[in-house]
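The values are calculated or read from the model by the stated rules, or taken from the named source; none is laboratory data. Every value quoted in this text rests on a predicted model; they were computed, and no experiment measured them. Cβ sites come from the backbone with ideal geometry, for glycine too, and all protein chains shown count toward neighbours.
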Amino acid sequence: MIYLDNAATTFPKPDAVWEAVLTCGKERCGNPGRSGHALAAAAARELFSVREAVAGFFNIADSSRLVFTLNATAALNTALYGLLREGDHVVTSSLEHNSVMRPLHALERKGVITLTMVPCGRGGELDPDDVQKALRPATRLVVLTHASNVCGAILPIREIKALLPEIPLLVDAAQSAGVLPIDVQALGIDLLAFSGHKGLFGPMGTGGLYTAPGLKLSSLVQGGTGSRSEQLEHPDFLPDLLEAGTPNLPGLSGLRAGVEFLAQQGIATIRDHEMRLTGLLLEGLAGHDKIRLHGPADPQAQTAVVSVTIDGRDPGAVARSLDREYGIACRASLHCAPVAHRTLGTFPQGTVRLSMSFFNTEAEIKETVRALGDIAEGKI
Amino acid sequence: MTEETTYVLILPSIHYVLKVEKEAKARSIPIELIPTPRQISTDCGMVVEFRAIHREPLLRMLIEKEIPAEGLYHRKKGEFERSQRLR
C-alpha cells in the first residue's frame, strides 16, 4: 500500500511510539495524581514528562499551560467555548476545518457571537491586511488554521499577529504540528490547538491546547482532577482546570515518543523531505491537460497536502480506482471543510487529496503520478 | 529523613509536586516525594518533604519559578504543625 492519507492520520508511526504505549501500559499505568502508591506515582511522572516534552517542542515556557485533550477538535472547542462570551466578535478565514467552523457557527446561531469570515484567494492565500480590516471594537479572538487540511496552504500567522498584537490569536495546528516549526513565543500564538495523531506521530486520542499567560479560559468540562476534592467547585488552576477525568496516559506516552522522534530527525529535515515529495508530485501532475491542481501548487507555500481533480471524473471514483487498482490510499470529497472548497472553487464535488508524510518515498510519489495519469487518460 | 528536622510542602496538584521535584533537582536541593501523611489534607496523593536546612532555598525557588504552594507543615515527632511562613 502507498499511504497518502497522512492529513487524516499519519501512518506508519515510528516503532518507538507503539513501544512507548506498550511500556506505559505494562509498567506505569496507574492513575496519575489520584493516589500516593508507587504505580500512581510512576503514572504521574510519566504524564509530567510528556507535558514537559511537548511543551518544550512548542517552546512553551510553563508546561502547566499545556493541557491534553482527546484531539484537536476537543482542544478547539475548549478554547472557543472557554473564551467567548455574549457580544464578542470573532474573525476567522475561509479555509477553516469544520472543527473551527461548526462551533463558531453554533455560537453565532445562538446569538452569542458575531462572526466575520475573511475570504482567502483561490490559491489559499490570506492577506494579513484583510484580517486587520475585519477587526471591530468587540473583536475578542482571531481564529486561523496554520495550514489548510484541503490544499496545504500555509497562512501567514506571524505577520497577522504582528498587525494585531492586542487581539488573542487561536491557531489550529492540526495540520502543521510536527510538519512546520512552531514556537508559540516567536509566532505570537496565544492559543494553540493541536492533534497528536497526525504530524506529531502520536496515537489517536491525543491532542492538546496551550493557553498563553494572561488568558483565562473557563472549563468546558468539570469533574475529577485528583486535586481540591473537598470542594464542589472545579479547580481554577492549570492544568487541572481544563483536564477533568483520567487522561489517555498510554496514548500520551506514545505522543512523547513521537515528539522525541521529530526532535531527533529535526523539523527542518522533515520539512525538506516533505517539500521534495510535494514538488515531485506537483511537477508530475502539472503537465497533464486533464488534471487540475488546487491550492498554492508551490512546495514552499504549502504542507505536503495536494488537492487534485481530473476533468470529467468524480473525485470519489478516482480515489476508489487509486485504492483498488493501485493500492494507493487517499481521501476524496470535501474533507470536513466545505467553505474551504468554496474558496478553492471545488464545491460541491470536492477533490482528491493526496497527503504525504516523512515516511513516504520518491518512488511512491512517481507511482502515484503514473496512476493518476492512467486514470486521467481513461486507461482505468 | 529524621522527623524532627523536616518540612512537608503541599502543592495544589500532582503537576506542581513534580515541578518542585524537577526544579529542586536542577538546584541540587535534596527533597523527597512521599505519600500524603494522613494528618494532612490533600488528595493528589503526594507531598514534598525536605530538611529544615533547605527551607530557605526551596521557598525562594517557589517564588522564582512561580509555583503555587498551598501549605507548609513542620513535622515534629510525628505531629504536623502548619507553618505560618510560606512566602
Completion exercise
All-but-one check, A:G251 against (1) within 25 Å of A:P103 (Cα to Cα); (2) of a type in the set (G, A, S); (3) not in a loop (DSSP other than H, G, I, E, B), failing number (1)
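Residue by residue, here is whether (1) more than 8 Å from chain A (Cβ to nearest Cβ); (2) within 22 Å of A:G224 (Cβ to Cβ); (3) surrounded by 14 or more Cβ atoms within 10 Å (Cβ to Cβ) holds:
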position: B:P12; (1), (2), (3): no, yes, yes
position: B:E21; (1), (2), (3): yes, no, yes
position: B:I31; (1), (2), (3): yes, no, yes
position: B:I34; (1), (2), (3): no, no, yes
position: B:M46; (1), (2), (3): no, yes, yes
position: B:R51; (1), (2), (3): yes, no, yes
position: B:E64; (1), (2), (3): yes, no, no
position: B:A69; (1), (2), (3): yes, no, yes
position: B:H74; (1), (2), (3): yes, no, yes
Handout entry: Which listed residue, of A:A41, A:A72, is at negative phi and within 14 Å of chain B (Cβ to nearest Cβ)
Key = A:A41
Problem - Enumerated helices (runs of 4 or more DSSP H) restricted to the range A:263-364, each holding at least 3 residues that are at pLDDT 95 or above - result: A:267-286, A:315-326
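Surrounded by fewer than 22 Cβ atoms within 10 Å (Cβ to Cβ), in the same structural domain as A:F68 (by TED's automatic domain parsing) and farther than 26 Å from A:I167 by Cβ: which single residue out of A:G223, A:G214, A:G251 fits that description?
Of the residues listed, the single one that is surrounded by fewer than 22 Cβ atoms within 10 Å (Cβ to Cβ), in the same structural domain as A:F68 (by TED's automatic domain parsing) and farther than 26 Å from A:I167 by Cβ is A:G223.
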Handout entry: Single unsatisfied condition, B:R85 versus (1) outside any loop (DSSP other than H, G, I, E, B); (2) away from every other protein chain (no Cβ under 14 Å); (3) at pLDDT below 95
Key = (1)
Practice task
Residue by residue through the range A:254-270, note down the ones that are more than 18 Å from A:C24 (Cβ to Cβ) and crowded, with 19+ Cβ neighbours inside 10 Å.
Solution key: A:L262, A:I270
Completion exercise
Expected output for the range B:8-37 (first residue within 20 Å of A:E243 (Cα to Cα), partner of a type in the set (V, I, T) and part of a helix (DSSP H, G or I), Cβ below 8 Å, 6+ apart or cross-chain) is B:L11/B:V17; B:L11/B:V20
Exercise for the section: Would you tally the residues in the range A:52-83 being surrounded by fewer than 19 Cβ atoms within 10 Å (Cβ to Cβ), in contact (Cβ under 8 Å) with a residue 12 or more places away in the chain and either within 18 Å of A:V131 (Cβ to Cβ) or among the charged types (D, E, K, R) (or both)? Expected result: 1
Problem - Top-ranked residue in the range A:327-367 [being under 30 Å from A:G266 (Cα atoms) and of a type in the set (V, I, T); ranked as surrounded by the fewest Cβ atoms within 10 Å (Cβ to Cβ)] - result: A:T361
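Is there a residue in the range B:15-25 that is over 16 Å from A:A41 (Cα atoms), of a type in the set (D, E) and modelled with pLDDT of 95 or more? Give the steps one after another, and end with the answer.
Narrowing the range B:15-25 to residues over 16 Å from A:A41 (Cα atoms): B:23-25.
Okay, now just the ones that are also of a type in the set (D, E), so B:23.
Adding the requirement that they be modelled with pLDDT of 95 or more leaves B:23.
Yes, some residue in the range B:15-25 is over 16 Å from A:A41 (Cα atoms), of a type in the set (D, E) and modelled with pLDDT of 95 or more.
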Practice task
State the number of residues belonging to the range A:5-38 that are within 14 Å of another protein chain (Cβ to nearest Cβ) and either in contact (Cβ under 8 Å) with a residue 40 or more places away in the chain or of a type in the set (A, V, I, L, M) (or both).
Solution key: 6
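Pick from the range A:90-111 the residues that are touching a Cys at 6+ places or on another chain (Cβ under 8 Å) and surrounded by fewer than 22 Cβ atoms within 10 Å (Cβ to Cβ): which of them is nearest to A:P168 (Cα to Cα)?
Once the filter is applied, the top-ranked residue is A:S94.
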Problem - Sole residue being more than 14 Å from chain B (Cβ to nearest Cβ), in contact with a His (Cβ under 6 Å, 6 or more places away or on another chain) and in contact (Cβ under 8 Å) with a residue 40 or more places away in the chain, chosen from A:T139, A:T92 - result: A:T139
